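Accompanying notes for the structure given below.
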Amino acid sequence: MRVDNSTNDIYVVDKPQDIRLIFSEKHNMILRLLMERDLSISDIAKILSLNPGSVHYHLKELEKHGLVKQVREEVKRGIIKKYYRSAAKRIVIDSPNFGSKKYLDYTTKEYIDRLIASIEFLGYQLPPENMDDARDLLSRYDRRTKELLLQLHNTGLENVENDGVILQNAYNLIFNIWAKEDPELGRIYSEFGKLFLRYE
């Protein structure tokens, strides 16, 4: 199998789904490790004290979004060990163009249905009679989180701080603080508890 072992100096991320992936704690930890050196799934699992299956899942998500790539393979005792690296030495977040039509279409029925299925897999049951209200609620959640992300990127922090890791962590921290204090998200979280029933 041919692999790409080249590394760019800078990779600019401007898609909301990619930005949100970077804000995810486990994805962020894996990405930061791979910015330092090439690692395999077992290497990452050992360093972060995570299950290799969990690392594999998060790594494949990062790879699907172009944030990491496989750079080489080694065969030891008949076992193929794949090594991964970040897409660039520095990953910079740019302001997404939420004004374009592409980003104004916040959700699709397929996206919402898959999101509901994932929520149910994680321990929350949605009674059939609550389905329409849940679709509306998750659409509102998606819209509001994108609005908050846009506000964050409009602060111009990238003009003051050019270290990608500090940018990511600062955005992650402030986004979570804003989300906790945001009245609309507060209403959404409250309604979520009424629509989705937690498994005991």
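The values are calculated or read from the model by the stated rules, or taken from the named source; none is laboratory data. None of the values given here were measured: they were computed from a predicted structure. Heads up, the Cβs are rebuilt from the backbone with ideal geometry, glycines too, and the neighbour counts pull from every protein chain shown.
Return yes when I112 is in contact with a Leu (Cβ under 9 Å, 6 or more places away or on another chain), modelled with pLDDT of 85 or more, surrounded by 11 or more Cβ atoms within 10 Å (Cβ to Cβ) and not charged (D, E, K, R) and no when it is not. Spelling it out, it is not the case that I112 is in contact with a Leu (Cβ under 9 Å, 6 or more places away or on another chain), modelled with pLDDT of 85 or more, surrounded by 11 or more Cβ atoms within 10 Å (Cβ to Cβ) and not charged (D, E, K, R). Taking R135, is it over 19 Å from the mean Cα position of the chain (by Cα) and either farther than 21 Å from N28 by Cβ or assigned to a loop (DSSP other than H, G, I, E, B) (or both)? So R135 fits the description; yes.
Taking the criterion of being in contact (Cβ under 8 Å) with a residue 24 or more places away in the chain and in a helix (DSSP H, G or I), the residues of the stretch 176-193 that qualify are W178, A179, E184, L185, I188, E191, F192.
There is at least one residue in the stretch 3-14 that is touching a His at 6+ places or on another chain (Cβ under 9 Å), surrounded by 15 or more Cβ atoms within 10 Å (Cβ to Cβ) and modelled with pLDDT under 90.
Could you please let me know if R187 is under 21 Å from the mean Cα position of the chain (by Cα), of a type in the set (K, R) and either farther than 30 Å from M35 by Cα or not assigned by TED's automatic domain parsing to the domain that holds R20 (or both)? No; evaluated as a whole, the condition is false for this residue. Within the stretch 146-183, being surrounded by 15 or more Cβ atoms within 10 Å (Cβ to Cβ) and over 26 Å from I91 (Cβ atoms) holds for one residue alone: D182. Filtering the stretch 44-86 to residues that are out of contact with any strand residue (DSSP E or B) (no Cβ under 7 Å at 6 or more places or on another chain), among the charged types (D, E, K, R) and in contact (Cβ under 8 Å) with a residue 12 or more places away in the chain leaves only E61. Of the set (1) within 19 Å of I19 (Cα to Cα); (2) modelled with pLDDT of 90 or more, all apply to Y84 but (1).
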